[in-house]
1. Can you go through A:TYR82, A:TYR74 and tell me which one is closer than 30 Å to A:ASP478 by Cα and more than 15 Å from the chain's Cα centre (by Cα)?
2. Kindly provide the set of residues from segment A:221-239 that are surrounded by 21 or more Cβ atoms within 10 Å (Cβ to Cβ) and in a helix (DSSP H, G or I), ordered by number.
3. Please state which one of A:LEU458, A:LEU499 is modelled with pLDDT of 85 or more, more than 30 Å from A:LEU62 (Cβ to Cβ) and surrounded by fewer than 21 Cβ atoms within 10 Å (Cβ to Cβ).
4. Tell me the residue from B:GLY9, B:GLY16, B:GLY53 that is more than 7 Å from chain A (Cβ to nearest Cβ), modelled with pLDDT of 95 or more and either farther than 24 Å from A:GLY51 by Cβ or outside any helix (DSSP H, G or I) (or both), please.
5. Hand me the list of helices (runs of 4 or more DSSP H) wholly inside segment A:1-68 holding 1 or more residues that are at pLDDT below 85.
6. From the list B:LYS2, B:LYS35, pick out the single residue that is in contact with a Lys or Arg (Cβ under 9 Å, 6 or more places away or on another chain), without any contact (Cβ under 8 Å) to a residue 40 or more places away in the chain, within 10 Å of chain A (Cβ to nearest Cβ) and surrounded by 14 or more Cβ atoms within 10 Å (Cβ to Cβ).
7. Quick one: would you say A:PHE247 is touching a Phe, Trp or Tyr at 6+ places or on another chain (Cβ under 7 Å), of a type outside the set (S, T, N, Q), more than 12 Å from chain B (Cβ to nearest Cβ) and under 30 Å from A:ASP366 (Cβ atoms)?
8. Name the residue, out of A:THR323, A:THR361, that is more than 14 Å from chain B (Cβ to nearest Cβ), over 15 Å from A:VAL167 (Cβ atoms), touching a His at 6+ places or on another chain (Cβ under 7 Å) and of a type outside the set (Asp, Glu).
Amino acid sequence: MTTIGLTVADWLIIFIYFAFILGLGYYLKRFTKNQEDFFLAGRKNSSWVAGLAFLSANLGALELMGMAGNTYKYGMYVAHFYWVGAIPAMLFLAIYMMPFYYSSRVHSVPGYLKWRFDEKTRVLNAVAFAFMTLLVSGINLYAMALVLHTFLGWNWHVCMWASAVTVAIYVSMSGLLSAIFTEIVQFFLIWFGLFLVTFLGIVEIGSVREVFERVPQSFSTLWSTSMDPSLNGMRVTWAGVVLGLGFVLSFGYWTTDFLVVQRAFSAKDMRSARMTPIIASFFKMAVPFLVIIPGLVALILASDPKYGFSLLKDGGQINYDSTLPMLIARYYPSGLAGLGITALLAGFMAGQAGNVSAFNTVWTYDIYRSVINKNASDESLLWMGRVTTIVGIVLSVGTAYWAKSAPSIMDYMQAIFSWVNAPLFATMLLGMFVWWITPTGAFWGLVSGMVSSFTLFLAVKFNWLNAQILALSSPVSDMAANFWRAWWAWLICFVVTILASFHTRRKPKEELVGLVWGMTDVETLDSLPWLKRPEFFAAISVLIFVALNIYFW
Amino acid sequence: MKPIWYFVGLLLVIMGMIIVLAGVYTWIYPPPEQKVLAYLHPDLWWGAVMVIGGLIFLLTNRRKTVE
């Protein structure tokens, strides 16, 4: 069913976007001369450029559509993903972890694992991360084709190949630099393209206050219904939100996922690198305006027949992801509809470019140079980065076709994140802050965390284990089970790493200088006036974060 | 190279102008099926906001270069 009809003006906007990003890739190629330019954008970016790219790498269309749909399904609790599920972790990265990452001058997160632990831990994480990025990139591509096919009636194959070829061209020309530039373009397109959905939704309902008054109370609060899972839409307790989402999933993603951390590595100096996640945190707190309010508006419109609004249905089931596209179809006239679709397209393509640029870096540095060709020259690394971009895109298209033939792999997306990131956060936390954690302890801790996360996912999915046992409460939603699975995987990795470290050989302290807290002269930026220090801006971010949580309590 | 903000401004100006022109056209020749709240003409004023925002980015960065 085609729900959005496009006019000449809409097509023109979409065409201009494609031409623009290809032209941008071509323009940036002349500034990409060596492997540092290609993989780390020359480490010359300002904190604003790196900060907006840091946020945009996570602000994909899949995420925007999914979160608007989740708000329709779960209510205001989805805001936890943007506030408690992001801000503390982003600020922790800026204040405590970035000094180690940046001063060690590593090219990737697996690269840090090599220096702190050993080669096998690095390769294990690099392979898992490469696998994850390709899978996510492919699923992203499939989701984009699904959206365009469903809402615009476009051909599947054309959608997938046009997007894949465009991304392959501009990323292979100038690597991370073009990925970052297109992510910033995407940031503006998303805000300009989707802001009006929220605004017009509020105008139609009456006011923001009325939006919150007209949804059930369990859908309009953040914490006051979290003591009893049966009282809130997400069926989760505050402990699940804080431990699973706010601690493990959030810190695992924002502090160790190379896709986002790579943007901070591209900053020109230590202050810019530390400011990167802090600047991103302010915008992250504002994203609920683009997804939570439209989700609630759609819920109100669909609940009252007088509005004549409903979401799409697939086989009798509500398609929650259709929330944003259906609101675009409702409000956006010619021209604006093209902008809204371009915003979603940009989100999909920038997400794909982000995954591919992270993949080519990890493959080239942490698998190719580490295992296959240890003496690779600068030119050969640059060449490998370009080839890997093309190969990564081809593999993503293959994954997308696989997803098309087996749509249930979409269910595994969250499982993949908690499989790779949740245990890795325990390894990184112990590695950075406890000097006596051993390489063998870290490796077996990581293995046990990854295996337990995946086993728990399968156990709940196939009913070998009751999700209520995992969540220590009843009732429990899929989302709550996901939070708790991440927590247990993290805890298992944490405990196994410590226990194994008691019985295995430690690294000499002199080899840990620059890598572990207490053994490193961290560049403190104390010479800066306090108004320019990262800690000052982090404190403002904390104040806004606390105020939002109290206001929507 | 030119800073990214220059390119952002350029894109916003081009897209904003197309949206404004499309808004003028649909005001003069309204389509048979009107969108909800079409009487607010969001395309006209939002397109104008994009043009103004884009011009600010474009003009403040037109002579700047970055490493």
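1. Working: A:TYR82 fails: more than 15 Å from the chain's Cα centre (by Cα).
The conditions single out A:TYR74.
2. Within segment A:221-239, just A:PRO229 meets the criteria.
3. On the way: A:LEU458 fails: more than 30 Å from A:LEU62 (Cβ to Cβ).
Exactly one of A:LEU458, A:LEU499 is modelled with pLDDT of 85 or more, more than 30 Å from A:LEU62 (Cβ to Cβ) and surrounded by fewer than 21 Cβ atoms within 10 Å (Cβ to Cβ), namely A:LEU499.
4. Numbers: B:GLY9 fails: either farther than 24 Å from A:GLY51 by Cβ or outside any helix (DSSP H, G or I) (or both); B:GLY53 fails: either farther than 24 Å from A:GLY51 by Cβ or outside any helix (DSSP H, G or I) (or both).
Every option except B:GLY16 fails the conditions.
5. Working: elements: A:8-29, A:35-40, A:47-56.
Per the criteria, A:35-40.
6. Numbers: B:LYS2 fails: without any contact (Cβ under 8 Å) to a residue 40 or more places away in the chain.
Result: B:LYS35 is the single residue among B:LYS2, B:LYS35 that is in contact with a Lys or Arg (Cβ under 9 Å, 6 or more places away or on another chain), without any contact (Cβ under 8 Å) to a residue 40 or more places away in the chain, within 10 Å of chain A (Cβ to nearest Cβ) and surrounded by 14 or more Cβ atoms within 10 Å (Cβ to Cβ).
7. Working: touching a Phe, Trp or Tyr at 6+ places or on another chain (Cβ under 7 Å): no; of a type outside the set (S, T, N, Q): yes; more than 12 Å from chain B (Cβ to nearest Cβ): yes; under 30 Å from A:ASP366 (Cβ atoms): yes.
So A:PHE247 does not fit the description; no.
8. On the way: A:THR323 fails: touching a His at 6+ places or on another chain (Cβ under 7 Å).
The match here is A:THR361.
The values are calculated or read from the model by the stated rules, or taken from the named source; none is laboratory data. Because the structure is predicted, anything quoted here is derived from the model rather than measured. With ideal geometry, Cβ positions are generated from the backbone for all residues, glycine too; neighbour counts draw on all protein chains shown.
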